[in-house]
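Below is one structure, written out as structure tokens; comments come after it.
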Amino acid sequence: MPAEPSQPLPYAASRPPRNPLLRAATYPALYTWYIFFASLDIMITWLILHAGGREENALADWIIRQFNLPGVVTFKFLMVILVIAICEIIGRYRQDVGMRVARWAVILSAFPVVVGVGQLLIVALAGPDQTQNG
């Protein structure tokens with residue numbers, strides 16, 4: 001039986017399978033930093049609340065009052081999933097814009113962490129007598 005000549009594969013079948021995350025190595029690294037700062041935000045916020053501080057974000061404050069820690073963790077990670085999905089969707093059409101959105105997500109999630117750590121340091125350096133009186 002003679003060998004059949006090889007037929008070229010259709011374009012879609014010849015492409016490698018699509019990676020679920022964008023191929024640029026920077027996207028997963030940015031997502032890791034974004035998730036890291038989002039997690040730290042929850043931890044720092046919880047420390048501030050237990051040190052007598054308050055949540056300034058009205059929506060987060062309502063969620064904390066209604067659902068406590070599990071609610072705020074769920075809310076934060078739903079936001080993380082939403083932001084990563086937005087970066088992925090935008091990045092498939094315009095990789096540079098998707099990358100910019102991912103970078104801004106990291107920067108914006110790091111901001112409350114830096115502020116919160118600063119507040120905790122001020123409280124810690126003030127000592128117990130200063131925090132009680134004012």
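The values are calculated or read from the model by the stated rules, or taken from the named source; none is laboratory data. Just so it is clear, the structure is predicted and the values come from calculations on it, not from any experiment. Reconstructed Cβ throughout: ideal geometry from the backbone, glycine too, with neighbour counts over all protein chains shown.
Residue count for the stretch 42-58, restricted to those that are surrounded by fewer than 16 Cβ atoms within 10 Å (Cβ to Cβ) and not in a helix (DSSP H, G or I): 6. Cβ separations smaller than 7 Å between residues 6+ apart or across chains give the following pairs from the stretch 31-52 residues that are of a type outside the set (Gly, Ala, Ser) to residues that are surrounded by 14 or more Cβ atoms within 10 Å (Cβ to Cβ) and assigned to a loop (DSSP other than H, G, I, E, B): Thr45/Glu55; Leu49/Glu55. Restricting attention to the stretch 60-71, the residues being at pLDDT below 95 and within 26 Å of Val101 (Cβ to Cβ) number 1. Of the residues that make up the stretch 84-101, is at least one among the aromatic types (Phe, Trp, Tyr) and either in contact with an Asp or Glu (Cβ under 8 Å, 6 or more places away or on another chain) or at pLDDT 95 or above (or both)? No - not one qualifying residue is present in the stretch 84-101.
Just to be sure I understand, how many residues within the stretch 61-87 are in contact (Cβ under 8 Å) with a residue 40 or more places away in the chain and surrounded by fewer than 17 Cβ atoms within 10 Å (Cβ to Cβ)? Counting residues in the stretch 61-87 that are in contact (Cβ under 8 Å) with a residue 40 or more places away in the chain and surrounded by fewer than 17 Cβ atoms within 10 Å (Cβ to Cβ) gives 1. Inclusion of Ala126 among residues that are of a type in the set (A, V, I, L, M, F, W, C), surrounded by 13 or more Cβ atoms within 10 Å (Cβ to Cβ) and out of contact with any helix residue (DSSP H, G or I) (no Cβ under 7 Å at 6 or more places or on another chain) is warranted.
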